[in-house]
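A short worksheet on the structure shown next.
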């Protein structure tokens, strides 16, 4: 069974020539939205995706604007508002060592180097220079872990376990 990964959500049309406004959910928009790339549109409550090929990509404000081959009119693409853009697992590339896909990190148990369980990673923020992993702590309080070498000591995606050095002021 194919696993699918969300790379964006179509939130609106843009102009009259079939351009769609996308809120991106990928670390690699240049790669995912490259002209000629295949993406899959998933409508709500649909079992089968619609296969589309990227015809153009540009950024505008905080959105990615896409057109698809064969869809050159706003009336043709109106139906895609609210759909998710996904790629199958086999379209995910290999990442360099020390880099991870969000789905590999979210859900990992975070433990301190002395084995104390801190909580589970629930989301990843990308505010600037480095990602920040949001950990739902044991007492319901969020702990923010910057993804930097000094703090994140080991990431084991197979065991869904991250070992950290909880430097002073972190908790």
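In this structure, is residue 52 buried (at least 16 other Cβ atoms within 10 Å of the Cβ), more than 21 Å from residue 16 (Cα to Cα) and either at pLDDT 90 or above or in contact with a strand residue (DSSP E or B) (Cβ under 8 Å, 6 or more places away or on another chain) (or both)? Spelling it out, it is not the case that residue 52 is buried (at least 16 other Cβ atoms within 10 Å of the Cβ), more than 21 Å from residue 16 (Cα to Cα) and either at pLDDT 90 or above or in contact with a strand residue (DSSP E or B) (Cβ under 8 Å, 6 or more places away or on another chain) (or both).
One residue alone among 42, 4 is within 22 Å of residue 125 (Cα to Cα) and in contact with a strand residue (DSSP E or B) (Cβ under 9 Å, 6 or more places away or on another chain), and that residue is 4. Screening region 58-67 for residues that are in contact with a helix residue (DSSP H, G or I) (Cβ under 9 Å, 6 or more places away or on another chain) and at pLDDT below 95 and picking the one that is surrounded by the most Cβ atoms within 10 Å (Cβ to Cβ) gives 64.
For beta carbons closer than 9 Å, sequence separation of 6+ or different chains, a first residue in region 121-146 that is touching a residue at least 40 places away in the same chain (Cβ under 8 Å) and a second that is exposed (fewer than 14 other Cβ atoms within 10 Å of the Cβ) and in a loop (DSSP other than H, G, I, E, B), the qualifying pairs are 121/107. Within region 110-130, not a single residue is touching a helix residue (DSSP H, G or I) at 6+ places or on another chain (Cβ under 6 Å) and within 30 Å of residue 16 (Cβ to Cβ). Residue check: is residue 30 out of contact with any helix residue (DSSP H, G or I) (no Cβ under 9 Å at 6 or more places or on another chain), exposed (fewer than 12 other Cβ atoms within 10 Å of the Cβ) and not in a loop (DSSP other than H, G, I, E, B)? Yes: the conditions hold for residue 30.
The values are calculated or read from the model by the stated rules, or taken from the named source; none is laboratory data. Computed from a predicted structure; not experimentally measured. FYI the Cβ positions are ideal-geometry reconstructions off the backbone, even for glycines, and counts take in every protein chain you see.
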